[in-house]
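The values are calculated or read from the model by the stated rules, or taken from the named source; none is laboratory data. None of the values given here were measured: they were computed from a predicted structure. Cβ coordinates were reconstructed from backbone atoms using ideal geometry, including for glycine residues, and neighbour counts include every protein chain displayed. Accessible surface areas use protein heavy atoms only, side chains included; no ligands, DNA or RNA. Shrake-Rupley method; radii C 1.70, N 1.55, O 1.52, S 1.80 Å.
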Amino acid sequence: MAVYTDISEEELGAFLGEYPVGELLSYKGIAEGTENSNYLLHTFGGAFILTLYERRVDKADLPFFLGLMEHLARKGVTCPLPVHRRDGQTIGELAGRPAALITFLEGMWMRRPTPQHCREVGKALAGLHQAAADFPLTRKNALSPGGWMHLWEGAKGRADEVEPGLEREVEAEFAEITRYWPTDLPSGIIHADLFPDNVFFLGGKVSGIIDFYFACNDLLAYDIATCLNAWCFEKDTSYNLTKGAALLAGYQSVRPLEPSEAEALPLLARGSALRFMLTRLHDWLTIPDGALVNKRDPMEYVRRLRFHRQVAAPTEYGIDIA
Ligand SMILES: Nc1ncnc2c1ncn2[C@@H]1O[C@H](COP(=O)(O)OP(=O)(O)O)[C@@H](O)[C@H]1O
Ligand SMILES: N[C@@H](CCOP(=O)(O)O)C(=O)O
C-alpha cells in the first residue's frame with residue numbers, strides 16, 4: 001500500500017488500547033500498494049496490518065469487505081482476519097480516517113510469476129468464487145462501465161498529456177466495449193483486483209490473498225479477465241500464452257467455464273484493461289508528487305487494450321474449449 005495519512009505513536013497507542021493485542025512494540029508505513037494507508041505493526045500479541053481507508057473506499061462498504069474476509073477464512077481461503085475490538089467492532093477511527101486492524105499473512109508476492117504460479121492463482125481464484133458464493137452481503141461494482149465513464153469524464157481533457165491521441169482512442173474503446181458488454185454470464189462475488197501483489201506464495205503454493213477493497217458482485221469471468229491482464233503479460237506487453245493457458249486450466253480444474261464465458265473473454269479482458277487504465281490515468285493526473293505511493297503507468301494498460309482489440313478468438317488466450 002501507500003501512506004497518505006501519518007499517525008503519531010500517541011494516537012496509535014490510544015487506538016490500539018481498544019484491541020486485545022498487547023502493547024505496541026514498533027510500527028512503520030508500507031510503501032507498497034495504491035489505495036489506502038497501511039502500516040505494519042508489532043505488538044506483544046504479534047504482527048498486524050493497520051489500514052486507514054482513504055479516498056476510494058466508502059466507509060459504508062467496510063462491513064462488506066471485512067465480513068467477506070471473515071467468511072472466506074471460515075471457508076478455508078487464507079486471507080487476513082479483521083481483529084475485533086473489545087466492544088466487538090472491527091471498524092474504528094484513527095487520524096480522522098476509518099481504520100481496521102487485520103492479521104499479518106506470511107508469504108511473498110511474485111515479482112516474476114511463472115506458469116506454475118499462474119496455474120495456482122487460477123485455482124485460488126476459482127476457490128474464492130466458490131467460497132464466496134454463499135456470502136450474504138452484496139456490493140455493486142462501482143468500477144463497471146458506469147463507473148468507468150465517471151473516471152473518464154474527469155480525466156479525458158488531459159489524456160493526451162500521457163500520449164498524444166489517447167483521448168480519441170479511448171473514446172472509441174468506450175463505444176465498442178459498452179455496446180457489447182455482456183450482462184447474462186454467471187455472476188457472484190469477485191475479488192476484482194487479483195494482481196500479483198495481492199497474492200502471497202510459500203513454497204510454490206498460494207499462502208494468502210489480500211486486498212479485498214474492490215470486491216463486489218459482478219461477472220465471475222470478468223475476474224479471470226483481470227487476472228489474465230495482471231499475470232500473463234510480459235514487460236514488453238507480449239501475451240504469454242503458456243501463462244494464460246496455465247491460469248485458465250488452473251481455474252477450470254476447480255470451476256469449468258461455460259461456453260458463453262469463454263466466448264466473452266476477449267471483450268471482458270478489453271473492458272478490464274480499460275478499467276485499470278482509467279484508475280491509473282486518474283491517479284497519474286491527481287496524486288500529489290510528495291505522497292509515499294508508487295504511481296502506476298496507465299500506458300501499460302493502453303498497450304493491453306491494443307492487444308485485446310486484435311484478438312479474434314478466445315483460444316488466443318490459451319483456453320481449452322472442449
Ligand atoms: N494481511 C497482510 N499481511 C501481510 N502483508 C500485508 C497484509 N495486508 C497488506 N500487506 C502489505 O501491504 C501492502 C499493501 O496492501 P494492500 O492491501 O494491497 O494495499 P492497497 O489496498 O492500498 O493497495 C501489500 O503489498 C503487503 O506488502
Ligand atoms: N492493481 C491496481 C492498483 C491497485 O493497487 P493494489 O496495490 O491495491 O493492488 C493496478 O495495478 O492498477
I'd like to check something: does the range 216-232 contain any residue that is out of contact with any His (no Cβ under 8 Å at 6 or more places or on another chain) and without any contact (Cβ under 8 Å) to a residue 24 or more places away in the chain? no
All conditions in (1) closer than 25 Å to Leu285 by Cα; (2) surrounded by 14 or more Cβ atoms within 10 Å (Cβ to Cβ) are true of His191 except (1)
Single residue of Leu268, Leu202 found to be out of contact with any helix residue (DSSP H, G or I) (no Cβ under 7 Å at 6 or more places or on another chain) and either away from ligand 2 (no atom under 14 Å from the Cβ) or modelled with pLDDT under 95 (or both): Leu202
Out of Phe174, Phe200, which single residue is under 25 Å from the mean Cα position of the chain (by Cα) and under 30 Å from Thr78 (Cα atoms)? Phe200
Provide a single number: the residues in the range 1-34 that are open to solvent by 30 Å² or more (accessible area, probe 1.4 Å), within 15 Å of ligand 2 (Cβ to nearest atom) and in the same structural domain as Ala99 (by TED's automatic domain parsing). 4
Scan of the range 35-55 for residues that are surrounded by fewer than 16 Cβ atoms within 10 Å (Cβ to Cβ) and within 24 Å of Ile189 (Cα to Cα), ordered by number: Arg55
Could you say whether any residue in the range 104-118 is farther than 19 Å from Phe201 by Cβ, at pLDDT 95 or above and open to solvent by 60 Å² or more (accessible area, probe 1.4 Å)? no
By my count, strands (runs of 3 or more DSSP E) wholly in the range 12-78 with at least 2 residues that are among the small types (Gly, Ala, Ser) and more than 18 Å from Gly208 (Cβ to Cβ) are 24-29
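Yes/no per residue for (1) within 24 Å of Ile287 (Cα to Cα); (2) of a type in the set (Lys, Arg):
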{"residue": "Ala2", "(1), (2)": "yes, no"}
{"residue": "Leu25", "(1), (2)": "no, no"}
{"residue": "Leu50", "(1), (2)": "yes, no"}
{"residue": "Arg55", "(1), (2)": "yes, yes"}
{"residue": "Pro63", "(1), (2)": "no, no"}
{"residue": "Leu68", "(1), (2)": "no, no"}
{"residue": "Cys79", "(1), (2)": "no, no"}
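For (1) in the same structural domain as Tyr213 (by TED's automatic domain parsing); (2) in contact (Cβ under 8 Å) with a residue 24 or more places away in the chain; (3) away from ligand 2 (no atom under 16 Å from the Cβ); (4) within 30 Å of Asp236 (Cβ to Cβ), each residue gets a yes or a no:
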| residue | (1), (2), (3), (4) |
| --- | --- |
| Ile49 | no, yes, no, no |
| Tyr53 | no, yes, no, no |
| Leu81 | no, no, yes, no |
| Arg86 | no, yes, yes, no |
| Met108 | no, yes, no, yes |
| Gln130 | yes, yes, yes, no |
| Ala142 | yes, yes, no, no |
Residues located in the range 91-101, provided they are surrounded by fewer than 20 Cβ atoms within 10 Å (Cβ to Cβ) and not acidic (Asp, Glu): Ile91, Gly92, Ala95, Gly96, Arg97, Pro98
Restricting to the range 208-229, give me the number of residues that are within 14 Å of ligand 1 (Cβ to nearest atom), open to solvent by 20 Å² or more (accessible area, probe 1.4 Å) and on the phi < 0 side of the Ramachandran plot. 3
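A quick yes/no check of all residues on (1) more than 28 Å from the chain's Cα centre (by Cα); (2) at pLDDT 95 or above; (3) within 16 Å of ligand 1 (Cβ to nearest atom):
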residue	(1), (2), (3)
Thr5	no, no, yes
Pro20	yes, yes, no
Glu23	yes, no, no
Tyr27	no, yes, yes
Glu32	no, no, yes
Exactly one of Val254, Val311 is surrounded by fewer than 22 Cβ atoms within 10 Å (Cβ to Cβ) and within 20 Å of Gly188 (Cα to Cα), and that residue is Val254
